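Notes follow once the structure below has been shown.
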Amino acid sequence: MTQLKTTFAGLSLRNPIIISSSSLTNSAEKNKKLELAGAGAIVLKSVFEEQIMMEAHHMATYGSPEGDDYLSTYVRSHALNEYISLIEQTKKLCTIPVIASINCFSNSEWTDFARTVEAAGADALEINILSLQTEKEYQYGSFEQRHIDIVSSIKKQISIPVIVKLGSNLTNPIALINQLYANGANAVVLFNRFYQPDINIDTMTYSAGDVFSTPADLSNGLRWTAIASAQVPQTDYAISGGVHDGKAIVKAILAGASA
């Protein structure tokens with residue numbers, strides 16, 4: 001039988017196929033089915049800092065700082081407690097590595113939550129730092145530094161591997177990957193797919209674009225994985241986006257990806 005075992009971010013995988021964070025991984029029962037189907041590891045459906053903040057803002061109707069602060073704390077605690085339950089239930093059912101996922105754009109209290117994620121049994125933590133840079137007075141390099149600061153803060157709090165999922169809109173991914181490795185990141189995923197906008201010309205309103213990637217998206221991941229794995233070989237790489245069949249998986253591995 002063909003040997004498919006590999007390691008990624010210090011995790012032993014029976015094969016290099018990792019199920020990315022999505023609605024496919026938002027319940028323990030679904031995750032067990034993915035394991036039975038042959039997945040090597042699972043990234044749980046992400047908890048989104050932006051979504052939590054928006055829900056808290058929509059509920060903030062008291063008009064007083066105390067009331068609004070209480071609601072904000074309640075919404076955040078409820079969302080995070082649900083996520084911890086997802087980790088615990090999935091770990092009870094699955095034997096393959098279970099990777100928690102945080103979509104964030106600030107240090108906030110995520111370092112504390114990272115400890116809770118580890119205590120709940122997650123085998124690793126993926127962080128996805130999303131923020132559209134549109135400020136006219138933007139300080140060049142500040143977004144990249146935010147990645148480094150968040151990784152550094154989290155690595156000081158937990159011992160499980162930390163994986164960073166990067167967006168493709170970076171001036172120099174190699175320099176950032178090198179700094180992330182120097183600050184403790186165990187692996188990098190290339191690349192995160194941003195939500196795509198569209199315009200409905202019949203209703204003259206904005207609408208959501210294509211949600212899913214296409215096979216054409218693979219080439220960008222292949223390019224940067226090949227470059228990065230040669231320039232910064234000390235860390236592990238995974239390709240996300242455009243992987244739609246077995247041939248794409250083989251291409252990713254040949255480019256230097258571990259998963």
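Rule-based calculations on the coordinates, nothing more; no lab input. All figures in this text were calculated on a predicted structure; none of them were measured in a lab.
Please say if segment 197-244 is rounded, prolate or oblate, where rounded means a/c under 1.5 for a ≥ b ≥ c the square roots of the C-alpha gyration tensor eigenvalues, and otherwise the choice is prolate for a/b larger than b/c and oblate otherwise?
The shape class here is prolate.
Of the cross-linked pairs 32/251; 91/247; 165/251; 5/247, which ones have a Cα-Cα span greater than 24 Å in the structure shown?
Check vs 24 Å cut-off fails for 32/251; 91/247.
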